[in-house]
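Some notes on the structure that comes next.
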Amino acid sequence: MPESRKIVPFVQDWLSHLIAEDQVFEIRGIGPRKWSGFFDYAHLHDASIQALELSDQRSPYGGYSVQGVYWTLNPLDPSVLSRRANRISIVDRDFALARDEDVIRRRWILVDCDPVRTAGVSSSQDELVASFDLICDAREYLRNMLPTDPIFGESGNGFHLLYRVDMPNDAASTKAVRDLLRHLASKFDSTRAKIDTSVFNASRICKLYGTLSRKGDSTDSRPHRRAGVSEATT
């Protein structure tokens, strides 16, 4: 059995934790071309299998079809399921992907930290340590600012915090999340690692736990890594 098939239960279990029972969400693969599918809660197993297959899919031109596989953080209008119902395929137009106006409510805030490194390559171990140190500082700072403890995630090349919230999808919420990320960046960014201030939009995607992150070729010093979870709350 391929390694990816062995971790289908892990991916499905995390999707069940992250996705509400009434939620429609998108799985998206990003590479030379974009791949996308919309799923409902009843098809988490199908979503997990297809996401892992996409993560491992070889490109006919060498390498892999995608650099990473993601999911949409916030619940989407159920009608978008009909774009590609419980199946992933190549898409050629961005309007076929989830958009901010498709989001019906915000359920997660993402704080994402990556190390400063050469573009198009995976992180080295030293770079990961720099990202880890920064995200830990940000988490400690946020303890008294946000109402819940976060999920502490590993993106494969950096780290992120996922905070569960219940916010409308409106201009005020967008501004609040954007201002929070900018504040964290101004306080904690260094020459070695930075907070991503671009991840404030409602239809934001996040690396799917269990799938591989591939930037450039996998080498001993800069290997491809599987996204995972360091700490979680229930």
**Asked** Under the rule of -39500 (n - 2.57) per DSSP H run of 4 or more residues, summed and divided by the residues of the chain, what mean residue ellipticity at 222 nm is obtained, to the nearest 500 deg cm²/dmol?
**Response** -8500 deg cm²/dmol
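Taking region 112-149, which trypsin sites (Lys or Arg not before Pro) meet the DSSP loop condition and have no more than 13 other C-beta atoms within 10 Å?
On the way: sites: Arg117, Arg139, Arg143; in loops: Arg117, Arg143.
Passing sites in region 112-149 are Arg143.
Counting Lys and Arg as +1 and Asp and Glu as -1, each charge on the Cβ, what is the dipole of region 159-234 about the Cα centre in debye, to the nearest 20? Don't jump to the answer; show the numbers that get you there.
Numbers: 14 positive and 8 negative charges, 44 e Å.
The dipole magnitude comes to about 200 debye.
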**Per-residue HN-Hα couplings for region 104-120 [Karplus 6.51, -1.76, 1.60; θ = phi - 60°; Hz; x = Gly/Pro]** = 9, 6, 8, 10, 9, 10, 9, 10, 10, 10, 10, x, 6, 7, 4, 5, x
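Which value, in Å², gives the accessible area per residue of the chain when a 1.4 Å probe is used on the protein heavy atoms? Each step should come with its number before you reach the end.
On the way: 11120 Å² over 234 residues.
With the other protein chains kept in place, the chain gives 48 Å² per residue.
To the nearest 20 debye, what charge dipole does region 1-142 have about its Cα centre, counting +1 at the Cβ of each Lys and Arg and -1 at the Cβ of each Asp and Glu? Show your work: numbers first, answer last.
On the way: 16 positive and 22 negative charges, 110 e Å.
About 520 debye.
So if R0 is 30 Å, what FRET efficiency would Tyr61 and Phe10 give, r being the distance between their Cβ atoms, rounded to the nearest 0.05?
Details: r = 30 Å, r/R0 = 1.00.
E between Tyr61 and Phe10, to the nearest 0.05, is 0.50.
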**Fill in**
Placing +1 on each Lys and Arg Cβ and -1 on each Asp and Glu Cβ in the chain, then taking the dipole about the Cα centre, the residue among Gly62, Leu44, Asn74 whose Cα reaches farthest towards the positive end is Gly62
**Item:** Cα lying deepest toward the dipole's positive end in region 132-234, options Thr191, Gly228, Val165, charges on Cβ
**Value:** Thr191
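Expected output is a single nm value to one decimal: the length gained when fully extending between Ile90 and Arg164, i.e. 0.36 nm times separation in residues minus the C-alpha distance. What is it?
Full extension of this stretch gives 23.6 nm more.
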**Message:** Just to confirm the filter: which chymotrypsin sites (Phe, Trp or Tyr not before Pro) across region 31-130 are DSSP coil and have at most 16 other Cβ within 10 angstrom of their Cβ?
**Reply:** Tyr61
**Message:** What are the ³J(HN,Hα) couplings of region 12-28, residue after residue, when phi is run through the Karplus curve with 6.51, -1.76, 1.60 and θ = phi - 60°? Round to Hz, x for glycine and proline.
**Reply:** 5, 5, 6, 4, 5, 7, 8, 9, 7, 5, 9, 9, 9, 9, 10, 9, 10
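The values are calculated or read from the model by the stated rules, or taken from the named source; none is laboratory data. Only a predicted model underlies this, so the values are computations on that prediction, with no experimental measurement involved. All Cβ positions, even for glycine, are placed from backbone atoms using ideal geometry, and neighbour counts span all protein chains on display. Surface areas here come from the heavy atoms of the whole protein model, side chains and all, with no ligands, DNA or RNA. Shrake-Rupley method; radii C 1.70, N 1.55, O 1.52, S 1.80 Å.
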